[in-house]
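A quick write-up on the structure given underneath.
The values are calculated or read from the model by the stated rules, or taken from the named source; none is laboratory data. Predicted, not measured: the structure shown is a model, and the values here were computed from it. Here the Cβ is made from the backbone with ideal geometry for all residues, glycine too, and neighbour counts use every protein chain on show. Note: accessible area is taken over every heavy atom of the protein model, side chains too, but ligands, DNA and RNA are not part of it. Shrake-Rupley method; radii C 1.70, N 1.55, O 1.52, S 1.80 Å.
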Amino acid sequence: MKILDFGSVCEDIVYSVDHITKQGETQASFDRNVYIGGKGFNQALALSRAGGKVSFAGKLGKDSEHIKALLTENGVDTTFFLIDPNIQTGHAVIQNSSDGNNAIVIYPAANRSIDREMVDRVLADYGTGDVILLQNEISEIAYIIDRAYEKGMKIVMNPSPYNGYIREYDLSKIYLFLINELEGAEMSGKTEKEEMIDALRLKYPDAHFVLTLGENGSVYFDHDTRIDQKAYPVKTVDTTAAGDTFTGYFLYGYFVENDIEKALDTASRASAISVTIKGAVPSIPRRQDVLSYRF
Ligand code: RIB
């Protein structure tokens, strides 16, 4: 079984602010940092730092060799991480507030230049039983889902950010969803947790789900199984990439160790550690740090 993450990469320009800027307000930030991020990139890195073997497919623009190198140095296969010098690398403008929350605006750029020819080229290397991980920050997702499904791949979807593009996707082809409360509400039309779970089980009877609930933990469920996981208490500094860290660690436990309970627990520990550190990539812990951290 091979694991492919077909996703986004962004340069994250992070402004530290007192609070998330309100409509019509201007406020000065007291710090500015640039990190590498993007949900696809973060999740590939997290899966690799968890101990997994993963390939990343995506697109970068000019002056971005250092970004590709970072993923290679972290043990991720980057054969299909392409650089197009004629376009810009995607970037994100992130406000990180004093209470650890964030607000993100993405400029997709190269992430939305992925075309069907590239998709076909990448997927030619994959077949039945292989796993493909998708988020919602690149172009041609509907096409990727259809082709991967035809090939018998297990499709894992983190439908984030949740937006109008999702209406174009055949979500009945998804094997495993990783969603937060907001995405769960969009997908189910329910805001209360138990109603949400019931509605999602009904709507996608063949799918498996992980619902993350921030400080209220997480829940794994499918048509007949349910496992609840507590969150580990920490002081939140920056939530950026916490969900991505959870995803990478969970997928390692789920697909490589075949142990859902352990996968949920390790993913909860890893994402808790990630919110204590600023930035996306710097906050994704390595496996040994997760195992030795005392909560
Ligand atoms: O999930 C966090 C990521 O979302 C950030 O790194 C940013 O690039 C956006 O894609």
*asked:* Only bridges whose two residues both fall in the range 141-295 count here: according to DSSP, what percent of them are antiparallel, nearest 5?
replied: 55 percent
*Arranged from highest to lowest average of other beta-carbon atoms within 10 Å per residue, in what order do the peptides 106-116, 201-211, 238-248 appear?*
238-248, 106-116, 201-211
*Tell me which residues come under 5 Å, amide H to amide H, from Gly38 once H is placed; ignore anything under 5 positions away on its chain.*
Cys10
*How many times 2.2 N^0.38 Å is the alpha carbon radius of gyration of the range 96-199?*
1.21
*Cβ crowding within 10 Å averaged over residues, with 152-159, 17-24, 164-171 ranked highest first*: 152-159, 164-171, 17-24
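Per-residue counts of other Cβ atoms within 10 Å, averaged by peptide: what ranking do you get for 127-139, 79-91, highest first? Intermediate results must be reported in sequence, preceding the final value.
Details: 127-139: 20.8, 79-91: 16.9.
Averaged packing, sorted descending, gives the order 127-139, 79-91.
Please report the net charge: other residues with Cβ closer than 12 Å to the Cβ of Gly129, K and R +1, D and E -1.
Working: positive: Lys2, Lys151, Lys154; negative: Asp130.
Neighbour charge sum, excluding Gly129 itself: +2.
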*Take the alpha carbon atoms of the range 147-205, find their radius of gyration, then divide it by 2.2 N^0.38 Å using N residues; give the quotient.*
1.14
*So what's the projected area for the range 1-57, the Cα convex hull averaged over all directions, in nm²?*
5.5 nm²
*For the chain, calculate the relative contact order in percent as a whole number, restricting contacts to Cα pairs under 8 Å that are 6 or more residues apart.*
18 percent
_Rounded accessible area of Asp63 (nearest 10 Å², 1.4 Å probe)_ = 120 Å²
_Can you show me the helix-derived [θ] at 222 nm for the chain, built from DSSP H runs with n ≥ 4 at -39,500 (n - 2.57) apiece and divided by the number of residues, rounded to the nearest 500._
-9000 deg cm²/dmol
*Which three semi-axes in whole Å describe the equivalent ellipsoid of the chain, each the square root of 5 times a Cα gyration tensor eigenvalue, listed largest first?*
26, 24, 19
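From the gyration tensor of the Cα coordinates in the range 243-295, what semi-axes in whole Å does the equivalent ellipsoid have, largest first, with each one equal to sqrt(5λ)? Don't jump to the answer; show the numbers that get you there.
Numbers: eigenvalues 67, 27, 14 Å².
Three semi-axes, in Å: 18, 12, 8.
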*asked:* Which trypsin sites (Lys or Arg not before Pro) in the range 256-287 sit in a loop by DSSP (not H, G, I, E or B) and have at most 16 other Cβ atoms within 10 Å of their own Cβ?
replied: Arg286
*Can you pull the Rg over Rh of the range 1-137, Cα-only, Kirkwood?*
1.03
_Tell me the volume per residue, in Å³, of the convex hull enclosing the alpha carbons of the range 198-295._
99 Å³
